[in-house]
1. Tell me, what HN-Hα J-couplings in whole Hz come from the Karplus equation 6.51 cos²θ - 1.76 cosθ + 1.60 at θ = phi - 60° for each residue of the range 241-254, using x for Gly and Pro?
2. How about the range 139-175: which trypsin sites (Lys or Arg not before Pro) there lie in a loop by DSSP and see at most 14 other Cβ atoms within 10 Å?
3. What does the net charge come to around F61 if you take all other residues with beta carbon closer than 11 Å to its beta carbon, with K and R at +1 and D and E at -1?
4. For the range 1-153, what is the convex hull (Cα atoms) projected area averaged across all directions, in square nanometres?
5. So how compact is the range 140-266: Cα radius of gyration and Dmax in angstrom?
6. With 10 angstrom as the radius, rank D241, D151 by how many other C-beta atoms surround their C-beta, starting from the fewest.
7. Taking springs between alpha-carbon atoms closer than 10 angstrom, which of G24, G45, G13 fluctuates most in the Gaussian network model of the chain?
8. Of all the stretches in the chain, which is the longest one without any exposed loop site, taking GluC sites (Glu not before Pro) in a DSSP loop (any state but H, G, I, E, B) with at most 13 other Cβ atoms within 10 Å?
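Just so it is clear, none of the values below were taken in a lab; they were calculated from the coordinates. From a predicted model like this one, the values you see are computed outputs, not experimental measurements. Positions of Cβ are generated from backbone atoms using ideal geometry, with glycine treated the same way; all protein chains shown enter the neighbour counts.
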Amino acid sequence: MVQWAAADWKAKGKAGAPKYVHMGANHPYPNAPKAAGEEAAKAAGFDVLPAIQFPLAPGDFTAQCLTLKQSGANYAYLGNTAASDVAVMKACQTAGVDVQFLGNVWGVDENALKAAGTAGNGVIYPMRTDVLWGADVPGMKLIRDIAKRTDASGGYRSLHYVAGICASYYMKEALEWADKNGGVSGPNVKKAFYQKKDWVPAGLEGVCRPVTWTEDDHRPTLDVALFKTTVSGNTDAPLPDLIGKVIKLEKAADVKLERKLDLLGW
């Protein structure tokens with residue numbers, strides 16, 4: 001997202017160095033990418049501002065938004081999970097903050113955008129799958145079949161649901177390999193994950209992103225799909241009625257990262 005932000009700043013023809021700020025609770029989840037994100041921002045030419053803390057539980061974040069506004073930040077990474085991120089976005093909209101929010105994989109989804117309303121418009125976030133629910137790709141049939149086990153109507157499922165199926169099916173196929181190659185044990189299941197390159201689980205083509213795990217590097221992919229949110233109006237209607245109309249989530253960029261060994265451990 002920092003790479004995207006640097007390119008976005010340049011594309012807009014802005015003068016001077018853009019300003020980056022990390023926002024989140026003093027908690028292991030939002031803190032995990034903090035140092036790496038700030039280091040990446042510095043390397044990309046950003047002025048890195050002091051982090052702004054806000055709790056994981058939703059609350060009145062007017063003070064944090066006023067601090068954000070006064071800081072002049074151009075790009076703000078929201079490190080918390082969806083509920084508190086929504087509260088920040090709404091408070092910052094009320095405070096008139098002009099900033100590009102960068103979300104995390106648990107900070108943005110369709111339900112969060114319904115709750116945020118137009119305050120959730122324009123957020124950039126990373127997607128763990130290639131597509132959202134309902135996409136015209138072969139693998140969506142299996143996704144729908146699984147969803148119908150708990151909802152015969154096949155109602156809309158969030159991006160987390162789709163990503164969860166991908167994660168489950170990588171494990172399913174690893175367990176199957178282990179069972180046929182010495183038995184299901186921790187070490188053998190681990191070994192199973194190293195057996196395929198550009199791995200997409202059978203039946204989920206076009207949904208799950210190709211991944212490769214090796215004994216030396218457990219980063220499954222360095223190709224990151226960034227999506228951008230659009231929330232164009234009132235979000236009081238049921239979510240399925242809003243998706244693709246009032247609420248849209250569309251690909252903004254595919255970012256290819258280098259497989260740098262010195263980044264292992266961040």
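1. Values, residue by residue: 6, 8, 5, x, 10, 7, 10, 10, 10, 10, 5, 9, 5, 10 Hz.
2. Values: sites: K141, R144, K148, R149, R157, K172; in loops: K148, R149, R157.
Loop-located and lightly packed - K148, R149.
3. Numbers: positive: K90; negative: D60, D85.
Here the charged neighbours net out to -1.
4. Details: hull surface 43.4 nm².
So the mean shadow area of the Cα hull is 10.8 nm².
5. Just the Cα atoms of the range 140-266 yield Rg and Dmax of 18.1, 56 Å.
6. Values: D241 13, D151 10.
Fewest to most other Cβ atoms nearby, the residues stand as D151, D241.
7. With Cα springs under 10 Å in the chain, the top fluctuation among G24, G45, G13 is at G13.
8. On the way: sites that count: E215, E258.
Result, exposed sites excluded: 1-214.
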